[in-house]
Structure formats: structure tokens, C-alpha cells
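What follows is a single structure, written as C-alpha cells, with notes after it.
None of the figures in this text is laboratory data; all of them are computed from the coordinates on show. Just so it is clear, the model here is predicted, and its values are computed rather than measured. Heads up, the Cβs are rebuilt from the backbone with ideal geometry, glycines too, and the neighbour counts pull from every protein chain shown.
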Amino acid sequence: FDLRNDDLKDMQELGQGNGGSVKKVEHTPTGTIMAKKIVLIDAKPSVRKQILRELQIMHDCKSKYIISFWGAFLADPNICICMEFMDKGSLDGIYKKIGPIDIDVVGQVALAVLEGLTYLYDIHRIIHRDIKPSNILCNSRGEIKICDFGVSGELINSIADTFVGTSTYMSPERIQGAQYTVKSDVWSLGVSLIELALGRFPFSESDDSDSDLSDFEGTLSPARPGSIALGLPPPRPRVKTQKKDKRKSKGVSLQGGGMTMSILELLQHIVNEPAPRLTPEGRFPREAEEFVDSCLLKDPDARKTPKDLLTPRIPFSLRSPIHHTHTTYAQRYHIQPAITYSAPGFPSRKRNRRA
Ligand code: ATP
Ligand code: MG
């Protein structure tokens with residue numbers, strides 16, 4: 001339906017990212033609860049309209065692994081994107097509250113994200129570009145869905161004008177300036193899965209340090225020689241860079257004030273050092289370790305696509321209270337009849353979970 005700002009009543013602040021803020025709202029004419037993302041875009045009216053046109057593709061993105069879209073509109077100087085509200089919020093919020101996520105649930109997350117990515121790419125030729133725990137949402141029905149995918153080239157462009165896009169979930173080849181491919185998303189998924197299973201961002205100085213590099217954007221602290229870890233405070237100022245097209249620059253462009261080597265050191269670390277792993281060895285099932293390793297192959301040619309990771313075998317343990325059967329890709333999208341087989345599991349283990 002036709003969405004207008006006047007019809008949306010604010011209910012609750014859901015969170016703030018670099019690109020804008022998200023609120024829980026009620027669409028008063030229908031009583032529908034939605035999540036409204038407000039993105040501040042410093043762009044010409046023609047560009048804004050183009051963004052709005054591009055966002056309409058989201059109306060066609062229909063998958064149970066993708067957040068559904070209610071509509072978008074301009075509310076100068078912002079663009080508002082209304083989407084399905086997910087009452088359990090994002091996975092980063094969940095693990096920060098309850099601690100490490102049970103590995104079986106992490107397996108479910110892997111499956112949902114791979115399904116979502118495969119759908120986006122196979123059906124719409126969309127590459128997500130921003131897989132990370134804050135863009136994976138859950139609801140109390142137990143559904144896991146991805147959001148904030150790169151549907152609008154103009155929006156990506158406009159946001160890239162501000163220093164926001166750079167992420168520590170970025171694959172080595174992206175850091176080195178290569179094109180985005182679906183395999184870059186697989187890398188980001190691998191980093192995210194480790195983060196959920198360990199309950200902390202994998203690139204931190206040591207196991208007992210709680211420094212977290214996942215949130216460094218716009219808050220870079222002075223260089224700390226020999227350290228790749230930044231223990232950063234939460235405020236996230238929007239830092240403008242001069243660079244117009246960051247997608248063409250290698251990795252990040254860091255300019256001005258407190259922006260320093262630390263982030264460059266981290267990016268260098270991602271490029272030069274072995275990929276992070278699910279550690280310590282033996283704490284997690286072998287299938288889980290191997291799956292994460294396969295997501296984090298540094299050579300993109302060796303790394304599989306989301307679709308290849310899904311077929312013919314599902315990622316790793318999908319054991320849950322309900323017995324899962326798994327269908328092939330073709331079957332899921334009704335392409336042709338295919339066989340059904342059950343998910344491999346691994347012995348259940350007790351985990352120490354702070355719930
Ligand atoms: P970044 O801007 O770096 O990508 P982010 O993903 O956390 O970070 P936003 O996309 O603006 O930033 O989202 C802010 C927060 O709002 C998220 O962390 C999430 O918890 C919450 N959120 C976003 N979309 C929804 C939604 N559809 N339903 C419920 N909560 C949501
Ligand atoms: Mg987000």
C-alpha cells in the first residue's frame with residue numbers, strides 16, 4: 001500500500017547504525033507493525049528518486065530468508081525504508097545479551113543466510129555486500145532472515161560517500177580492491193559464524209581480551225603500534241571522506257583527524273595472516289570447523305558460492321528439537337523434482353550457555 005510518513009506512529013527505537021536509525025512503528029490505517037529505517041542521504045533530488053526506484057526491486061524479493069519489504073518513500077532529507085519487523089532483533093544484539101550462541105543454532109543461521117544469499121543471487125542477481133550479525137534478524141517464530149542487502153547501486157554509492165561502508169567483515173580480495181562477488185559474502189558469513197559461536201568478534205588481540213573490532217567505523221583511535229585491536233567506544237560519528245567513489249579505491253580511504261593505521265593494520269592482517277578459525281580445536285564439532293574453514297578460504301577461487309555450499313549437503317549440524325529434512329536447491333525453487341535427504345547431524349553436546 002501507499003506509505004506516508006504521517007501514517008506511521010513511532011513506537012520504539014530499535015537501533016542505530018552508520019547508515020541511519022531504525023524504529024519500530026505502527027502503520028496506523030492498518031495497524032501493521034513495521035521497522036522503519038531512516039537513511040540520511042546527502043544527494044541531489046534526481047539521485048534520491050533513482051534510489052527510490054531501485055529500492056522497488058525489494059517488492060519482488062520474496063523468500064522466507066529475506067526480510068520483506070513494505071515500501072520506501074522520501075521524507076526530506078531522508079529516505080525511509082519500511083520493512084518487516086523482527087521482534088527478536090539482530091544476532092549481534094542477541095549474543096551480546098546471552099553470550100555465545102549454541103553451535104546448532106549457528107548451523108541454522110548458516111543455512112538461512114546461504115538460502116537467502118542463493119535466492120538473492122539466483123533469482124535477482126543481487127549480491128548482499130553486508131553480511132554481519134547485525135544484518136541477520138530473528139523473530140519469535142524462530143525464523144532467521146537477512147536484511148540490508150545491496151539492492152540499490154545509487155544507495156550504495158551515496159552511503160559510500162560517507163565513511164561507513166568499510167567493514168571488518170570484508171573479504172581479503174575486497175580489501176585488495178577486487179570486485180564484489182557472492183563469494184565475498186561467504187567470507188563475511190564465515191567471520192559472522194565464528195563471532196556468534198565464540199560470542200565475540202574473531203579479530204581481537206587475544207582470547208581474554210574483549211576488544212572488538214566489529215564496530216570501529218568512524219571511531220578510529222590513534223595508532224597503537226604492534227596492535228591490531230581497537231577497544232572502541234560505541235559512539236559512531238558519521239565521518240565524511242572526500243573520496244567520491246570508494247568502490248574504486250582499494251579498501252578504505254581514511255582521511256582526517258583521528259583516522260589512523262590501526263584499521264589499516266587490521267585490514268592488512270586480514271589480507272596477510274591466516275584466516276580466523278573456530279577455536280580452540282575440539283570445542284566445536286568437526287563439521288562446524290570445516291564448514292567455517294571453507295567459508296574462510298582466502299583464495300576466492302577456492303571458496304565456494306552460497307549455492308555450492310548448500311548443495312548437495314547442508315552446512316553442518318541442523319539438529320534442533322524438530323527433525324529436519326532437507327531439500328535440494330531445485331526443489332526449493334520448484335525447478336524440477338528432486339530427492340529429499342535428511343540432514344547429517346553430530347552428537348549433541350552440552351554447552352555452557354548463559355541464557
Ligand atoms: P551498520 O549501519 O553498520 O550496518 P547496523 O546493521 O547495526 O549497522 P542498522 O541497519 O541501521 O545498523 O540497524 C540498526 C539496528 O536496528 C540493528 O542492529 C537491529 O538490531 C535493528 N533492526 C534493523 N532492522 C530491523 C528489523 N527489520 N526488525 C527489528 N530490528 C531491526
Ligand atoms: Mg543493518
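Descriptive notes on the structure:
- The ranking of S192, S46 by Cβ neighbour count inside 10 Å, starting from the fewest, reads S46, S192.
- Taking 0.36 nm per residue of separation and subtracting the current Cα-Cα distance, fully stretching the chain between D308 and S21 would add 99.8 nm.
- Exposure proxy for E195, E273, E287: other Cβ atoms within 10 Å of each Cβ, ordered fewest to most, give E273, E287, E195.
- Potential extension, A178-T28 segment - 0.36 nm per residue separation minus Cα distance: 49.4 nm
- Based on every Cα atom in region 12-73, Rg and the maximum pairwise Cα distance Dmax equal 13.0, 35 Å.
- Treating r as the C-beta distance of V47 and S294 and R0 as 35 Å, the FRET efficiency rounds to 0.35.
- Counted by neighbouring Cβ atoms within 10 Å, the residues V182, V191 run from fewest to most as V182, V191.
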